[in-house]
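Visitor: Starting off with a structure, shown below.
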Amino acid sequence: MEKNFIIAGFGGQGVLLAGEVLANAFMLDNKNVTWYPCYGAEMRGGTVNCEIVMSDEEVSSVNKKDADFIIVLNQASFDKFEPKVKKGGCLIVNTSLAEKVQNRDDIKYVFAPISQMAEKLGNVKMANMLALGMLLRAGGFLNVDILEKALDVVLPPHRKNLLPLNKNAMEMGYKYDLLTVNC
């Protein structure tokens, strides 16, 4: 079984960190995985995305034409990546920074005010971990404990003080009522 993921937003939203955490979680779960970051030279404020491919077998390649699961944290990412969701796939949308629009009837949408929820936690930069928690809940392919272990592996020593807040964000995202969406 191979699953493809894209996480997209703008620089400063922690898109690459979220992808790295997800990739490490799959490795901790004994899956084969690749993580492929893509960002422009403009960095903060510019577009950023990453692709994660997970498989029980060897990973065939990255840069697939479509993905099973996509997280978009802003409108530009929604516009760019909504067409790349596979038929039957799932699109998680941060409605704090993107419109709640359903242009397709062959995919499932999860709409949530992710940035606003992160602000309630005290740090808007937790939006990426909230979105990962929602992804796990929607997909059911990992449990949140493995994701938390992966975060501990990925966070550098000088950021370990943020581990509890990030874990809270993951758990909040995981517990968010997805309105019975099961991707």
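Visitor: Could you check residue 49 against (1) buried (at least 16 other Cβ atoms within 10 Å of the Cβ); (2) touching a helix residue (DSSP H, G or I) at 6+ places or on another chain (Cβ under 6 Å) and say which number it fails?
Guide: (2) is the only condition that residue 49 fails.
Visitor: Quick one: how many residues across the stretch 66-86 are in a loop (DSSP other than H, G, I, E, B) and either of a type in the set (Val, Ile, Thr) or closer than 11 Å to residue 3 by Cα (or both)?
Guide: Matching residues across the stretch 66-86 total 1.
Visitor: Please give the number of the condition residue 88 fails out of (1) at pLDDT 95 or above; (2) more than 13 Å from the chain's Cα centre (by Cα); (3) surrounded by 14 or more Cβ atoms within 10 Å (Cβ to Cβ).
Guide: For residue 88, the exception is condition (3).
Visitor: Residue 62 fails exactly one of the following numbered conditions: (1) assigned to a helix (DSSP H, G or I); (2) over 15 Å from the mean Cα position of the chain (by Cα); (3) among the β-branched types (Val, Ile, Thr). What is the number of that condition?
Guide: With (1) assigned to a helix (DSSP H, G or I); (2) over 15 Å from the mean Cα position of the chain (by Cα); (3) among the β-branched types (Val, Ile, Thr) applied to residue 62, the lone miss is (1).
Visitor: Touching a residue at least 24 places away in the same chain (Cβ under 8 Å) and basic (Lys, Arg) - does that describe any residue in the stretch 56-68?
Guide: yes
Visitor: Let me ask another. Filter the stretch 112-157 for residues that are buried (at least 17 other Cβ atoms within 10 Å of the Cβ) and basic (Lys, Arg) and give the result.
Guide: Matches in the stretch 112-157: 125, 137.
The values are calculated or read from the model by the stated rules, or taken from the named source; none is laboratory data. All values derive from a computational prediction rather than experimental measurement. Reconstructed Cβ throughout: ideal geometry from the backbone, glycine too, with neighbour counts over all protein chains shown.
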